[in-house]
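Everything on this sheet refers to the single structure shown next.
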Number of protein chains: 2
Amino acid sequence: MPRAPEAGSDVHRERHRAVLETAARLICEQGYEAASVQDIADACGLTKAGLYYYIRSKEDLLLEIMSYGMDIFEERVLLPVLGIADPVERLRACMEKNIHLVTEQRSKEVTIILHEHETLTGAARQQINARKKRYVHFLEASFAEAMREGRIRAVEPRVAAFAFLGMVLWIYKWFRPDGKIPADRLAAEMLDLFFGGLVTAPATPTAAPVAPAAPGERLRRRGQARAAATAGRPARRPPPRRRAQATRQAALEALGAGRGGGGRPGGSA
Amino acid sequence: MPRAPEAGSDVHRERHRAVLETAARLICEQGYEAASVQDIADACGLTKAGLYYYIRSKEDLLLEIMSYGMDIFEERVLLPVLGIADPVERLRACMEKNIHLVTEQRSKEVTIILHEHETLTGAARQQINARKKRYVHFLEASFAEAMREGRIRAVEPRVAAFAFLGMVLWIYKWFRPDGKIPADRLAAEMLDLFFGGLVTAPATPTAAPVAPAAPGERLRRRGQARAAATAGRPARRPPPRRRAQATRQAALEALGAGRGGGGRPGGSA
(Lines give C-alpha, C1' and ligand atoms only; values in the text may rest on other atoms or scores of the structure.)
Protein backbone atom coordinates (compact mmCIF):
# COMPACT_ATOMS: atom_id res chain seq x y z
CA MET A 1 0.00 0.00 0.00
CA PRO A 2 1.47 3.40 -0.97
CA ARG A 3 2.48 5.64 1.90
CA ALA A 4 0.03 8.50 2.52
CA PRO A 5 1.48 11.87 1.48
CA GLU A 6 2.82 14.04 4.27
CA ALA A 7 0.27 16.56 5.63
CA GLY A 8 1.06 20.02 4.29
CA SER A 9 2.93 18.70 1.24
CA ASP A 10 1.90 19.62 -2.31
CA VAL A 11 0.84 16.03 -2.99
CA HIS A 12 -1.35 16.00 0.11
CA ARG A 13 -2.96 19.30 -0.86
CA GLU A 14 -3.67 18.07 -4.39
CA ARG A 15 -5.24 14.82 -3.16
CA HIS A 16 -7.28 16.62 -0.53
CA ARG A 17 -8.57 18.93 -3.23
CA ALA A 18 -9.48 15.96 -5.45
CA VAL A 19 -11.32 14.32 -2.52
CA LEU A 20 -13.40 17.45 -1.88
CA GLU A 21 -14.24 17.87 -5.59
CA THR A 22 -15.29 14.22 -5.89
CA ALA A 23 -17.36 14.40 -2.70
CA ALA A 24 -19.03 17.58 -3.97
CA ARG A 25 -19.94 15.87 -7.24
CA LEU A 26 -21.46 12.87 -5.41
CA ILE A 27 -23.40 15.09 -3.00
CA CYS A 28 -24.80 17.11 -5.93
CA GLU A 29 -25.81 13.89 -7.73
CA GLN A 30 -27.18 11.86 -4.80
CA GLY A 31 -27.84 14.32 -1.98
CA TYR A 32 -25.83 14.64 1.23
CA GLU A 33 -27.76 11.99 3.18
CA ALA A 34 -27.68 9.42 0.37
CA ALA A 35 -23.95 9.73 -0.46
CA SER A 36 -22.19 7.44 2.04
CA VAL A 37 -18.57 7.69 3.16
CA GLN A 38 -18.01 4.35 1.37
CA ASP A 39 -19.44 5.81 -1.89
CA ILE A 40 -17.10 8.79 -1.59
CA ALA A 41 -14.10 6.56 -0.80
CA ASP A 42 -14.93 4.32 -3.80
CA ALA A 43 -15.25 7.31 -6.13
CA CYS A 44 -11.87 8.60 -4.90
CA GLY A 45 -10.19 5.19 -5.28
CA LEU A 46 -9.42 5.10 -1.55
CA THR A 47 -10.30 2.81 1.34
CA LYS A 48 -12.53 4.32 4.04
CA ALA A 49 -9.46 4.61 6.31
CA GLY A 50 -7.56 6.25 3.46
CA LEU A 51 -10.41 8.74 2.96
CA TYR A 52 -10.39 9.70 6.65
CA TYR A 53 -6.77 10.75 6.22
CA TYR A 54 -8.18 13.64 4.14
CA ILE A 55 -11.52 14.41 5.78
CA ARG A 56 -12.26 14.80 9.47
CA SER A 57 -15.77 13.27 9.35
CA LYS A 58 -18.79 13.14 7.09
CA GLU A 59 -20.40 15.78 9.31
CA ASP A 60 -17.55 18.19 8.57
CA LEU A 61 -17.56 17.45 4.86
CA LEU A 62 -20.01 20.16 3.80
CA LEU A 63 -18.05 22.73 5.79
CA GLU A 64 -14.80 21.52 4.25
CA ILE A 65 -16.24 21.71 0.73
CA MET A 66 -17.59 25.23 1.34
CA SER A 67 -14.30 26.38 2.95
CA TYR A 68 -12.47 24.97 -0.04
CA GLY A 69 -14.88 26.83 -2.37
CA MET A 70 -14.18 30.09 -0.52
CA ASP A 71 -10.42 29.39 -0.61
CA ILE A 72 -10.41 28.96 -4.39
CA PHE A 73 -12.62 32.02 -4.80
CA GLU A 74 -10.40 34.23 -2.65
CA GLU A 75 -7.18 33.00 -4.28
CA ARG A 76 -8.42 33.23 -7.85
CA VAL A 77 -10.81 36.19 -7.78
CA LEU A 78 -10.53 38.44 -4.77
CA LEU A 79 -6.85 38.63 -3.79
CA PRO A 80 -5.57 39.35 -7.33
CA VAL A 81 -7.85 42.41 -7.71
CA LEU A 82 -7.47 44.03 -4.26
CA GLY A 83 -4.40 45.97 -5.46
CA ILE A 84 -6.13 47.59 -8.47
CA ALA A 85 -6.29 51.31 -7.66
CA ASP A 86 -9.19 52.38 -9.92
CA PRO A 87 -12.45 51.10 -8.36
CA VAL A 88 -14.19 50.50 -11.71
CA GLU A 89 -11.25 48.60 -13.14
CA ARG A 90 -11.06 46.65 -9.84
CA LEU A 91 -14.74 45.70 -10.17
CA ARG A 92 -14.37 44.83 -13.86
CA ALA A 93 -11.37 42.58 -13.17
CA CYS A 94 -13.25 41.00 -10.28
CA MET A 95 -16.29 40.21 -12.46
CA GLU A 96 -14.10 38.81 -15.22
CA LYS A 97 -12.19 36.52 -12.85
CA ASN A 98 -15.35 35.41 -11.06
CA ILE A 99 -17.02 34.52 -14.38
CA HIS A 100 -13.99 32.46 -15.36
CA LEU A 101 -14.12 30.65 -12.02
CA VAL A 102 -17.81 29.73 -12.29
CA THR A 103 -17.53 28.58 -15.92
CA GLU A 104 -14.83 26.07 -15.01
CA GLN A 105 -16.23 22.57 -14.80
CA ARG A 106 -13.65 21.35 -12.30
CA SER A 107 -14.98 23.31 -9.36
CA LYS A 108 -18.63 23.52 -10.48
CA GLU A 109 -20.12 21.29 -7.79
CA VAL A 110 -18.04 22.98 -5.10
CA THR A 111 -19.61 26.29 -6.17
CA ILE A 112 -23.10 24.78 -6.16
CA ILE A 113 -22.68 23.44 -2.62
CA LEU A 114 -21.18 26.76 -1.48
CA HIS A 115 -24.20 28.71 -2.69
CA GLU A 116 -27.12 26.30 -2.42
CA HIS A 117 -26.63 24.11 0.64
CA GLU A 118 -28.14 25.54 3.78
CA THR A 119 -27.53 22.53 6.01
CA LEU A 120 -24.62 24.01 7.98
CA THR A 121 -25.54 25.15 11.45
CA GLY A 122 -24.03 27.10 14.32
CA ALA A 123 -20.37 28.11 14.15
CA ALA A 124 -19.77 26.42 10.78
CA ARG A 125 -22.57 28.40 9.18
CA GLN A 126 -21.34 31.66 10.72
CA GLN A 127 -17.83 30.97 9.47
CA ILE A 128 -18.91 30.55 5.85
CA ASN A 129 -21.42 33.41 5.98
CA ALA A 130 -18.74 35.75 7.35
CA ARG A 131 -16.49 34.99 4.39
CA LYS A 132 -19.37 35.50 1.91
CA LYS A 133 -20.27 38.79 3.61
CA ARG A 134 -16.71 40.01 3.27
CA TYR A 135 -17.04 39.65 -0.51
CA VAL A 136 -20.32 41.58 -0.51
CA HIS A 137 -18.72 44.32 1.59
CA PHE A 138 -15.72 44.49 -0.72
CA LEU A 139 -18.08 44.99 -3.69
CA GLU A 140 -20.19 47.57 -1.84
CA ALA A 141 -17.07 49.50 -0.77
CA SER A 142 -15.74 49.47 -4.34
CA PHE A 143 -19.04 50.76 -5.76
CA ALA A 144 -19.17 53.48 -3.06
CA GLU A 145 -15.57 54.46 -3.85
CA ALA A 146 -16.36 54.62 -7.59
CA MET A 147 -19.30 56.94 -6.79
CA ARG A 148 -17.15 59.21 -4.62
CA GLU A 149 -14.59 59.45 -7.40
CA GLY A 150 -17.30 60.36 -9.92
CA ARG A 151 -16.62 57.21 -11.95
CA ILE A 152 -20.16 55.84 -11.82
CA ARG A 153 -23.68 57.22 -11.44
CA ALA A 154 -25.32 57.39 -8.04
CA VAL A 155 -26.48 53.86 -7.22
CA GLU A 156 -27.35 51.96 -4.06
CA PRO A 157 -24.03 50.11 -3.49
CA ARG A 158 -25.78 47.15 -1.87
CA VAL A 159 -28.13 46.65 -4.82
CA ALA A 160 -25.23 47.04 -7.26
CA ALA A 161 -23.23 44.44 -5.29
CA PHE A 162 -26.05 41.88 -5.31
CA ALA A 163 -26.90 42.58 -8.96
CA PHE A 164 -23.23 41.89 -9.79
CA LEU A 165 -23.28 38.68 -7.72
CA GLY A 166 -26.59 37.47 -9.15
CA MET A 167 -25.48 37.91 -12.76
CA VAL A 168 -22.19 36.12 -12.09
CA LEU A 169 -23.30 33.32 -9.76
CA TRP A 170 -26.41 32.39 -11.76
CA ILE A 171 -24.04 31.37 -14.59
CA TYR A 172 -23.37 27.91 -13.15
CA LYS A 173 -27.07 27.16 -13.56
CA TRP A 174 -27.13 27.53 -17.34
CA PHE A 175 -23.63 27.73 -18.79
CA ARG A 176 -22.47 24.74 -20.84
CA PRO A 177 -18.77 24.64 -21.80
CA ASP A 178 -19.73 23.04 -25.13
CA GLY A 179 -22.48 25.62 -25.78
CA LYS A 180 -22.41 28.34 -28.43
CA ILE A 181 -21.08 31.06 -26.09
CA PRO A 182 -17.52 30.47 -24.87
CA ALA A 183 -16.49 31.70 -21.43
CA ASP A 184 -14.34 34.56 -22.78
CA ARG A 185 -17.20 35.97 -24.84
CA LEU A 186 -19.62 35.54 -21.96
CA ALA A 187 -17.30 37.53 -19.70
CA ALA A 188 -16.88 40.33 -22.27
CA GLU A 189 -20.66 40.54 -22.85
CA MET A 190 -21.54 40.62 -19.15
CA LEU A 191 -18.90 43.25 -18.36
CA ASP A 192 -20.23 45.40 -21.17
CA LEU A 193 -23.84 44.87 -20.11
CA PHE A 194 -23.30 45.59 -16.43
CA PHE A 195 -20.92 48.51 -16.68
CA GLY A 196 -22.08 49.97 -19.97
CA GLY A 197 -25.85 49.61 -19.82
CA LEU A 198 -28.22 48.65 -22.53
CA VAL A 199 -30.54 51.36 -23.75
CA THR A 200 -29.36 53.72 -26.48
CA ALA A 201 -32.49 55.20 -28.01
CA PRO A 202 -35.48 56.61 -26.17
CA ALA A 203 -38.91 55.09 -26.57
CA THR A 204 -41.19 56.84 -29.03
CA PRO A 205 -43.42 59.46 -27.35
CA THR A 206 -46.47 57.22 -27.65
CA ALA A 207 -44.84 54.44 -25.63
CA ALA A 208 -45.21 55.67 -22.06
CA PRO A 209 -42.76 54.07 -19.63
CA VAL A 210 -44.37 51.57 -17.26
CA ALA A 211 -43.07 53.53 -14.28
CA PRO A 212 -42.26 57.24 -14.64
CA ALA A 213 -38.51 57.68 -15.00
CA ALA A 214 -36.70 59.58 -12.25
CA PRO A 215 -35.43 63.05 -13.26
CA GLY A 216 -31.82 61.81 -13.36
CA GLU A 217 -32.84 58.94 -15.58
CA ARG A 218 -34.66 61.24 -18.02
CA LEU A 219 -31.67 63.57 -18.13
CA ARG A 220 -29.36 60.64 -18.77
CA ARG A 221 -31.54 59.28 -21.56
CA ARG A 222 -31.66 62.67 -23.27
CA GLY A 223 -27.92 62.95 -22.80
CA GLN A 224 -27.31 59.57 -24.35
CA ALA A 225 -29.43 60.34 -27.39
CA ARG A 226 -27.55 63.63 -27.83
CA ALA A 227 -24.23 61.87 -27.35
CA ALA A 228 -25.09 59.36 -30.03
CA ALA A 229 -25.96 62.24 -32.35
CA THR A 230 -22.82 64.29 -31.66
CA ALA A 231 -20.65 61.19 -31.96
CA GLY A 232 -21.81 60.88 -35.56
CA ARG A 233 -24.21 58.01 -34.90
CA PRO A 234 -27.72 59.42 -35.11
CA ALA A 235 -29.98 57.95 -32.47
CA ARG A 236 -32.07 55.49 -34.48
CA ARG A 237 -35.76 56.09 -34.07
CA PRO A 238 -37.87 52.99 -33.74
CA PRO A 239 -40.21 52.51 -36.69
CA PRO A 240 -43.77 53.80 -36.28
CA ARG A 241 -45.57 51.90 -33.58
CA ARG A 242 -47.09 48.72 -34.90
CA ARG A 243 -50.47 47.62 -33.81
CA ALA A 244 -50.24 46.30 -30.25
CA GLN A 245 -52.15 43.24 -31.36
CA ALA A 246 -49.47 42.20 -33.87
CA THR A 247 -46.69 42.59 -31.29
CA ARG A 248 -48.59 40.65 -28.69
CA GLN A 249 -49.04 37.89 -31.24
CA ALA A 250 -45.29 37.89 -31.99
CA ALA A 251 -44.50 37.77 -28.28
CA LEU A 252 -46.89 34.88 -27.78
CA GLU A 253 -45.24 33.06 -30.68
CA ALA A 254 -41.79 33.72 -29.21
CA LEU A 255 -43.05 32.24 -25.98
CA GLY A 256 -44.15 29.06 -27.76
CA ALA A 257 -47.54 28.48 -29.29
CA GLY A 258 -49.24 26.56 -26.49
CA ARG A 259 -48.62 26.34 -22.78
CA GLY A 260 -48.38 22.57 -23.33
CA GLY A 261 -47.13 20.16 -20.67
CA GLY A 262 -47.48 22.61 -17.76
CA GLY A 263 -50.55 21.08 -16.15
CA ARG A 264 -52.02 23.11 -13.31
CA PRO A 265 -51.50 21.50 -9.93
CA GLY A 266 -55.16 22.27 -9.26
CA GLY A 267 -56.00 19.17 -11.25
CA SER A 268 -54.41 16.81 -8.77
CA ALA A 269 -57.17 16.24 -6.25
CA MET B 1 -65.49 17.18 10.48
CA PRO B 2 -65.97 19.93 7.88
CA ARG B 3 -66.83 18.81 4.37
CA ALA B 4 -63.87 19.00 1.99
CA PRO B 5 -64.25 21.86 -0.51
CA GLU B 6 -65.40 20.90 -3.99
CA ALA B 7 -62.54 20.34 -6.46
CA GLY B 8 -62.26 23.34 -8.79
CA SER B 9 -63.92 25.72 -6.33
CA ASP B 10 -62.16 28.88 -5.10
CA VAL B 11 -61.95 27.44 -1.59
CA HIS B 12 -60.31 24.28 -2.90
CA ARG B 13 -57.83 26.29 -4.96
CA GLU B 14 -56.93 28.47 -1.97
CA ARG B 15 -56.40 25.48 0.33
CA HIS B 16 -54.40 23.61 -2.30
CA ARG B 17 -52.19 26.69 -2.62
CA ALA B 18 -51.73 26.86 1.16
CA VAL B 19 -50.80 23.16 1.25
CA LEU B 20 -48.14 23.62 -1.44
CA GLU B 21 -46.70 26.71 0.28
CA THR B 22 -46.55 24.93 3.65
CA ALA B 23 -44.98 21.82 2.11
CA ALA B 24 -42.42 23.99 0.32
CA ARG B 25 -41.48 25.68 3.61
CA LEU B 26 -41.04 22.32 5.37
CA ILE B 27 -38.97 20.89 2.49
CA CYS B 28 -36.72 23.96 2.53
CA GLU B 29 -36.28 23.66 6.32
CA GLN B 30 -35.90 19.89 6.67
CA GLY B 31 -35.07 18.53 3.23
CA TYR B 32 -37.39 16.52 1.00
CA GLU B 33 -36.46 13.12 2.46
CA ALA B 34 -36.78 14.26 6.08
CA ALA B 35 -40.16 16.01 5.74
CA SER B 36 -42.77 13.26 6.10
CA VAL B 37 -46.35 13.36 4.81
CA GLN B 38 -47.44 13.38 8.47
CA ASP B 39 -45.24 16.47 9.16
CA ILE B 40 -46.78 18.25 6.19
CA ALA B 41 -50.32 17.27 7.24
CA ASP B 42 -49.63 18.49 10.81
CA ALA B 43 -48.25 21.80 9.56
CA CYS B 44 -51.36 22.24 7.38
CA GLY B 45 -53.73 21.34 10.22
CA LEU B 46 -55.04 18.37 8.21
CA THR B 47 -55.19 14.62 8.74
CA LYS B 48 -53.09 12.53 6.37
CA ALA B 49 -56.28 11.53 4.52
CA GLY B 50 -57.26 15.20 4.37
CA LEU B 51 -53.86 16.09 2.93
CA TYR B 52 -54.19 13.47 0.19
CA TYR B 53 -57.33 15.26 -0.96
CA TYR B 54 -54.95 18.03 -2.10
CA ILE B 55 -51.80 16.19 -3.15
CA ARG B 56 -51.52 13.11 -5.33
CA SER B 57 -48.52 11.58 -3.52
CA LYS B 58 -45.32 12.65 -1.81
CA GLU B 59 -43.46 11.69 -4.98
CA ASP B 60 -45.51 14.18 -7.00
CA LEU B 61 -45.16 16.92 -4.41
CA LEU B 62 -41.99 18.49 -5.78
CA LEU B 63 -43.50 18.58 -9.26
CA GLU B 64 -46.71 20.12 -7.90
CA ILE B 65 -44.76 22.78 -6.00
CA MET B 66 -42.69 23.62 -9.09
CA SER B 67 -45.77 23.67 -11.35
CA TYR B 68 -47.44 25.98 -8.84
CA GLY B 69 -44.32 28.19 -8.84
CA MET B 70 -44.46 28.41 -12.65
CA ASP B 71 -48.22 29.09 -12.54
CA ILE B 72 -47.80 32.05 -10.18
CA PHE B 73 -44.87 33.32 -12.22
CA GLU B 74 -46.77 33.15 -15.52
CA GLU B 75 -49.91 34.74 -14.08
CA ARG B 76 -48.15 37.53 -12.21
CA VAL B 77 -45.14 38.30 -14.40
CA LEU B 78 -45.27 36.93 -17.91
CA LEU B 79 -48.88 37.14 -19.11
CA PRO B 80 -49.42 40.77 -18.02
CA VAL B 81 -46.43 42.00 -20.06
CA LEU B 82 -46.89 40.02 -23.29
CA GLY B 83 -49.14 42.73 -24.70
CA ILE B 84 -46.66 45.60 -24.23
CA ALA B 85 -45.67 46.71 -27.73
CA ASP B 86 -42.32 48.38 -27.02
CA PRO B 87 -39.74 45.64 -26.33
CA VAL B 88 -37.73 47.70 -23.81
CA GLU B 89 -40.85 48.71 -21.87
CA ARG B 90 -41.98 45.05 -22.03
CA LEU B 91 -38.64 43.92 -20.53
CA ARG B 92 -38.69 46.69 -17.90
CA ALA B 93 -42.22 45.77 -16.81
CA CYS B 94 -41.24 42.11 -16.76
CA MET B 95 -38.21 42.77 -14.52
CA GLU B 96 -40.27 44.95 -12.19
CA LYS B 97 -43.00 42.35 -11.80
CA ASN B 98 -40.52 39.50 -11.37
CA ILE B 99 -38.67 41.43 -8.64
CA HIS B 100 -41.94 42.02 -6.82
CA LEU B 101 -42.75 38.32 -7.06
CA VAL B 102 -39.41 37.16 -5.62
CA THR B 103 -39.44 39.71 -2.78
CA GLU B 104 -42.79 38.42 -1.53
CA GLN B 105 -42.32 36.19 1.48
CA ARG B 106 -45.43 34.16 0.84
CA SER B 107 -44.09 32.31 -2.18
CA LYS B 108 -40.39 32.43 -1.25
CA GLU B 109 -39.90 28.71 -0.61
CA VAL B 110 -41.86 27.82 -3.74
CA THR B 111 -39.38 29.92 -5.73
CA ILE B 112 -36.42 28.29 -3.99
CA ILE B 113 -37.67 24.80 -4.79
CA LEU B 114 -38.44 25.82 -8.38
CA HIS B 115 -34.88 27.02 -8.96
CA GLU B 116 -32.74 24.87 -6.68
CA HIS B 117 -34.17 21.38 -6.52
CA GLU B 118 -32.79 19.04 -9.15
CA THR B 119 -34.49 15.90 -7.89
CA LEU B 120 -37.19 15.70 -10.57
CA THR B 121 -36.52 13.09 -13.22
CA GLY B 122 -37.90 12.05 -16.58
CA ALA B 123 -41.12 13.62 -17.87
CA ALA B 124 -41.65 15.76 -14.75
CA ARG B 125 -38.24 17.35 -15.17
CA GLN B 126 -38.83 17.95 -18.89
CA GLN B 127 -42.18 19.56 -18.16
CA ILE B 128 -40.73 22.10 -15.72
CA ASN B 129 -37.64 22.75 -17.83
CA ALA B 130 -39.81 23.41 -20.90
CA ARG B 131 -41.72 26.11 -19.02
CA LYS B 132 -38.50 27.68 -17.73
CA LYS B 133 -37.05 27.64 -21.25
CA ARG B 134 -40.10 29.42 -22.60
CA TYR B 135 -39.34 32.32 -20.26
CA VAL B 136 -35.71 32.42 -21.41
CA HIS B 137 -36.86 32.41 -25.05
CA PHE B 138 -39.35 35.19 -24.38
CA LEU B 139 -36.54 37.31 -22.89
CA GLU B 140 -34.14 36.49 -25.75
CA ALA B 141 -36.80 37.32 -28.36
CA SER B 142 -37.57 40.63 -26.63
CA PHE B 143 -33.88 41.61 -26.49
CA ALA B 144 -33.47 40.67 -30.16
CA GLU B 145 -36.55 42.73 -31.09
CA ALA B 146 -35.22 45.72 -29.12
CA MET B 147 -31.94 45.43 -31.06
CA ARG B 148 -33.73 45.29 -34.43
CA GLU B 149 -35.71 48.39 -33.49
CA GLY B 150 -32.54 50.26 -32.52
CA ARG B 151 -33.70 50.55 -28.92
CA ILE B 152 -30.67 48.87 -27.35
CA ARG B 153 -27.04 48.34 -28.20
CA ALA B 154 -25.89 45.16 -29.92
CA VAL B 155 -25.78 42.46 -27.26
CA GLU B 156 -25.88 38.68 -27.24
CA PRO B 157 -29.61 38.14 -26.45
CA ARG B 158 -28.90 34.90 -24.60
CA VAL B 159 -26.36 36.52 -22.28
CA ALA B 160 -28.68 39.48 -21.72
CA ALA B 161 -31.52 37.09 -20.87
CA PHE B 162 -29.47 35.14 -18.32
CA ALA B 163 -27.95 38.31 -16.85
CA PHE B 164 -31.53 39.60 -16.35
CA LEU B 165 -32.57 36.30 -14.76
CA GLY B 166 -29.49 36.08 -12.53
CA MET B 167 -29.95 39.58 -11.14
CA VAL B 168 -33.63 38.98 -10.46
CA LEU B 169 -33.62 35.40 -9.20
CA TRP B 170 -30.60 35.82 -6.92
CA ILE B 171 -32.70 38.30 -4.90
CA TYR B 172 -34.42 35.59 -2.84
CA LYS B 173 -31.00 34.64 -1.49
CA TRP B 174 -30.31 37.96 0.21
CA PHE B 175 -33.43 40.16 0.32
CA ARG B 176 -35.02 40.73 3.75
CA PRO B 177 -38.44 42.43 3.81
CA ASP B 178 -37.43 44.19 7.05
CA GLY B 179 -34.06 45.28 5.63
CA LYS B 180 -33.08 48.81 4.72
CA ILE B 181 -34.00 48.51 1.03
CA PRO B 182 -37.74 48.12 0.38
CA ALA B 183 -38.90 46.09 -2.63
CA ASP B 184 -40.04 49.16 -4.61
CA ARG B 185 -36.67 50.83 -4.31
CA LEU B 186 -34.85 47.61 -5.11
CA ALA B 187 -36.89 47.27 -8.31
CA ALA B 188 -36.22 50.89 -9.35
CA GLU B 189 -32.48 50.52 -8.68
CA MET B 190 -32.14 47.26 -10.58
CA LEU B 191 -34.11 48.54 -13.57
CA ASP B 192 -31.89 51.60 -13.68
CA LEU B 193 -28.73 49.53 -13.29
CA PHE B 194 -29.60 46.94 -15.91
CA PHE B 195 -31.09 49.18 -18.57
CA GLY B 196 -29.15 52.36 -17.87
CA GLY B 197 -25.65 51.10 -17.11
CA LEU B 198 -23.25 52.29 -14.54
CA VAL B 199 -20.16 54.06 -15.81
CA THR B 200 -20.33 57.78 -16.54
CA ALA B 201 -16.76 59.02 -16.47
CA PRO B 202 -13.79 57.43 -18.20
CA ALA B 203 -10.85 56.16 -16.18
CA THR B 204 -7.91 58.52 -15.88
CA PRO B 205 -5.27 57.86 -18.57
CA THR B 206 -2.93 56.20 -16.05
CA ALA B 207 -5.48 53.53 -15.12
CA ALA B 208 -5.23 51.06 -17.99
CA PRO B 209 -8.38 48.98 -18.40
CA VAL B 210 -7.94 45.33 -17.49
CA ALA B 211 -9.19 44.28 -20.92
CA PRO B 212 -9.09 46.70 -23.85
CA ALA B 213 -12.55 48.13 -24.45
CA ALA B 214 -14.19 47.35 -27.77
CA PRO B 215 -14.35 50.29 -30.22
CA GLY B 216 -18.10 50.71 -29.68
CA GLU B 217 -17.60 50.77 -25.93
CA ARG B 218 -14.91 53.50 -26.16
CA LEU B 219 -17.12 55.56 -28.46
CA ARG B 220 -20.03 55.20 -26.07
CA ARG B 221 -17.94 56.21 -23.07
CA ARG B 222 -16.68 59.32 -24.85
CA GLY B 223 -20.22 60.07 -25.94
CA GLN B 224 -21.57 59.77 -22.39
CA ALA B 225 -18.91 62.11 -20.98
CA ARG B 226 -19.74 64.63 -23.70
CA ALA B 227 -23.46 64.22 -23.01
CA ALA B 228 -22.94 64.91 -19.33
CA ALA B 229 -21.05 68.08 -20.23
CA THR B 230 -23.61 69.38 -22.76
CA ALA B 231 -26.44 68.54 -20.36
CA GLY B 232 -24.96 71.06 -17.94
CA ARG B 233 -23.42 68.45 -15.65
CA PRO B 234 -19.69 68.50 -16.30
CA ALA B 235 -18.25 64.98 -16.30
CA ARG B 236 -16.56 64.82 -12.90
CA ARG B 237 -12.94 63.89 -13.17
CA PRO B 238 -11.64 61.51 -10.54
CA PRO B 239 -9.17 63.14 -8.16
CA PRO B 240 -5.46 62.61 -8.88
CA ARG B 241 -4.59 58.95 -8.57
CA ARG B 242 -3.71 58.03 -5.03
CA ARG B 243 -0.85 55.73 -4.30
CA ALA B 244 -1.89 52.19 -5.19
CA GLN B 245 -0.67 51.05 -1.80
CA ALA B 246 -3.16 53.29 0.04
CA THR B 247 -6.04 52.04 -2.09
CA ARG B 248 -5.02 48.43 -1.59
CA GLN B 249 -4.97 49.08 2.14
CA ALA B 250 -8.47 50.62 2.01
CA ALA B 251 -9.73 47.67 -0.02
CA LEU B 252 -8.25 45.23 2.46
CA GLU B 253 -9.89 47.13 5.29
CA ALA B 254 -13.23 47.10 3.46
CA LEU B 255 -12.81 43.36 3.15
CA GLY B 256 -12.28 42.98 6.91
CA ALA B 257 -8.96 43.15 8.72
CA GLY B 258 -8.21 39.43 9.09
CA ARG B 259 -9.42 36.37 7.27
CA GLY B 260 -10.52 35.07 10.69
CA GLY B 261 -12.80 32.03 11.07
CA GLY B 262 -12.17 30.71 7.53
CA GLY B 263 -9.93 27.77 8.42
CA ARG B 264 -8.31 26.11 5.42
CA PRO B 265 -9.61 22.62 4.84
CA GLY B 266 -5.98 21.55 4.45
CA GLY B 267 -5.75 21.52 8.22
CA SER B 268 -8.14 18.64 8.60
CA ALA B 269 -5.89 15.60 8.21
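The values are calculated or read from the model by the stated rules, or taken from the named source; none is laboratory data. In this text the structure is predicted, and so the values were computed from the model without any measurement. Cβ: placed from backbone, ideal geometry, glycine included. Neighbour counts: every protein chain shown. These area figures cover heavy atoms from the full protein model, side chains too; ligands, DNA and RNA do not enter into them. Shrake-Rupley method; radii C 1.70, N 1.55, O 1.52, S 1.80 Å.
With the label put 7 angstrom out from Cα along the Cα-to-Cβ vector, A:E116 ends up 1.0 nm from the copy partners, going from closest to farthest. For B:A130 and B:A34, the difference between the fully extended length at 0.36 nm per residue and the C-alpha to C-alpha distance is 31.7 nm. Name the shape class, rounded, prolate or oblate, that the alpha-carbon gyration tensor gives for segment A:10-147, where a ≥ b ≥ c are the square roots of its eigenvalues, rounded holds for a/c under 1.5, and otherwise prolate holds if a/b is larger than b/c and oblate otherwise. Prolate, because a/c is 1.5 or more and a/b exceeds b/c. Cα centroid separation, segment A:35-71 to segment B:98-117: 32 Å.
Taking the label point 7 Å along Cα→Cβ, A:R176 and its counterparts in the other copies are spaced 4.0 nm apart, in ascending order. A 1.4 Å probe run over segment A:1-55, with the rest of the protein chains in place, finds 58 Å² accessible per residue. About the centre of its Cα atoms, segment A:66-196 shows a dipole size close to 200 debye [charges on the beta carbon of Lys, Arg (+1) and Asp, Glu (-1) only; nearest 20 debye].
Is the shape of segment A:66-135 rounded, prolate or oblate, going by the alpha carbon gyration tensor and its root eigenvalues a ≥ b ≥ c, with a/c under 1.5 for rounded and a/b larger than b/c for prolate? Oblate.
Using protein heavy atoms only (no ligands, DNA or RNA), what is the total accessible area buried between A and B, 1.4 Å probe, nearest 100 Å²?
Looking at A and B, the buried total is near 10300 Å².
On the basis of the beta-carbon distance and an R0 of 35 Å, B:A7 and B:H100 show a calculated FRET efficiency of 0.70.
Shown are B:R92, A:R15, whose ranking by accessible area with a 1.4 Å probe and every protein chain present, most to least, is A:R15, B:R92. Taking square-rooted eigenvalues a ≥ b ≥ c of the alpha carbon gyration tensor, is segment B:66-196 rounded, prolate or oblate, where a/c under 1.5 means rounded and, failing that, a/b exceeding b/c means prolate? Verdict is oblate for segment B:66-196. With label points set 7 Å from Cα along Cα→Cβ, the inter-copy distances at A:N129 are 3.4 nm, sorted shortest first. For the pair A:D60 and A:A154 in one chain, pulling the backbone fully straight at 0.36 nm per residue adds 29.5 nm over the alpha carbon distance.
The share of accessible area on segment B:17-102 that comes from carbon and sulfur is 51 percent, using a 1.4 angstrom probe. Ranking of A:Y52, B:Y32, B:Y172 by solvent-accessible surface, largest first: A:Y52, B:Y32, B:Y172 (1.4 Å probe, protein heavy atoms only, all chains present). In the full protein context, segment A:66-196 carries 33 Å² of accessible surface per residue, based on a 1.4 Å probe and ignoring ligands, DNA and RNA. Straight-line cross-link reach from B:K180 at under 21 Å between alpha-carbon atoms covers these lysines, not counting any fewer than eight positions away in the same chain: A:K132, A:K133, B:K97, B:K108. Derived scalar couplings between HN and Hα for segment B:38-45 equal 5, 4, 5, 4, 4, 5, 8, x Hz in order, rounded to whole Hz, by the Karplus curve 6.51 cos²θ - 1.76 cosθ + 1.60 (θ = phi - 60°), x for Gly and Pro.
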